[in-house]
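The values are calculated or read from the model by the stated rules, or taken from the named source; none is laboratory data. Quick caveat, the model's predicted, so the values are computed rather than measured. Because the Cβ atoms are built from the backbone with ideal geometry, glycine has one as well, and the counts that use them run over all protein chains shown.
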Amino acid sequence: MTTLVFGHKAPDTDSTGSPILWAWYLNEIKGEKAEPVLLGEPSTEAGFMLERWGLPKPRIVSGIEAEQPCVIVDTNNPAELPDGINDTDIRAIIDHHKLVGGIETKGPIDITVRPLACTATIMLDLMGEDAGKMPEAVKGAALTCILSDTLEFRSPTTTAHDKAVAEKLAADLGLDIPAYAAEMFAAKSDVSAFSDAELLRMDSKEYEVGGKKFRVSVLETTAPEMVLNRKASLMESMGAVAQEDGVDQVLLFVVDILNEEATLLIPNDLVKTVAEKSFGAAPGGDILVLPGVMSRKKQIIPNLAV
């Protein structure tokens with residue numbers, strides 16, 4: 001039976017590329033039949049990656065059947081996975097996020113969770129010398145994942161190892177990292193075709209803090225004005241999105257990659273309280289600029305308080 005490899009819902013670049021990497025490894029190196037799949041439409045940057053490297057877009061699935069063999073990558077959070085995930089036959093988890101709890105398996109499995117910036121980095125380590133056998137397109141996907149998750153090494157999640165792996169991949173591919181990253185970020189920044197609701201869900205994760213459920217959304221961009229010019233309509237849409245998704249509030253952080261800062265939209269008193277208690281700063285109106293804040297995983301989620 002074919003093993004499905006997938007990441008989290010609202011797949012970003014790492015949750016699109018890493019399933020492709022690991023499915024290649026299982027198929028070509030381990031001799032196990034595997035297929036990368038997605039739990040939703042990929043982000044614009046992930047779409048750029050697929051087109052740039054001539055990779056077929058993985059099949060999008062809305063659910064996973066019971067007993068289906070699968071490998072979970074780039075998450076270990078049941079809230080980011082299909083309903084009934086514990087009824088599947090989970091064979092492995094490869095991740096770089098904190099352990100959330102709630103996943104149950106049929107038996108002992110391989111679990112690799114390492115404090116690196118990107119799942120793709122971990123996968124190349126697990127592959128060892130076999131990583132050198134990856135075709136150019138798969139190497140390109142790995143490089144894109146690492147540059148995306150590290151924001152071209154600007155993110156505080158970046159480790160020296162992530163950087164070294166990315167630089168070796170770029171050398172193998174004959175690519176200039178700043179030039180390639182600029183192409184990636186341009187694709188990431190063009191959000192003109194997306195509705196407010198799509199933007200709020202595009203790169204988002206659900207977290208519970210102090211009895212409140214939040215959808216924490218991050219939009220990383222080199223053109224923050226494209227998002228902030230829609231501030232009023234985005235804040236108006238937050239209530240409907242929160243209600244539809246069963247959360248108390250949407251928190252939207254617009255990350256300015258080049259200026260290395262985040263802007264939090266403040267639509268109501270709840271978010272104002274979150275801003276004050278989480279970041280020790282009083283919003284001056286309907287936004288709060290947070291200098292140096294680049295990472296949801298390392299700087300936003302750990303500080304959230306209500």
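Looking at P42, P19, just one residue is of a type outside the set (A, V, I, L, M, F, W, C) and touching a Lys or Arg at 6+ places or on another chain (Cβ under 8 Å), and that residue is P42. Among the residues of the range 98-155, those that are part of a helix (DSSP H, G or I), buried (at least 23 other Cβ atoms within 10 Å of the Cβ) and in contact with a His (Cβ under 9 Å, 6 or more places away or on another chain) comprise T119, T121, I122, D149.
Restricting attention to the range 1-29, and to residues there that are of a type in the set (D, E, K, R) and within 15 Å of the chain's Cα centre (by Cα), which single residue is surrounded by the most Cβ atoms within 10 Å (Cβ to Cβ)?
Taking the candidates together, the pick is D14.
For the range 40-54, a tally of residues being more than 16 Å from the chain's Cα centre (by Cα) and surrounded by fewer than 19 Cβ atoms within 10 Å (Cβ to Cβ) returns 3. For the range 190-221, a residue qualifies if it is of a type in the set (S, T, N, Q), without any contact (Cβ under 8 Å) to a residue 40 or more places away in the chain and in contact with a Ser or Thr (Cβ under 6 Å, 6 or more places away or on another chain), and the qualifying residues are S217, T221. Only one entry in E28, E45, E35 is at pLDDT 95 or above and within 19 Å of I85 (Cα to Cα), namely E35.
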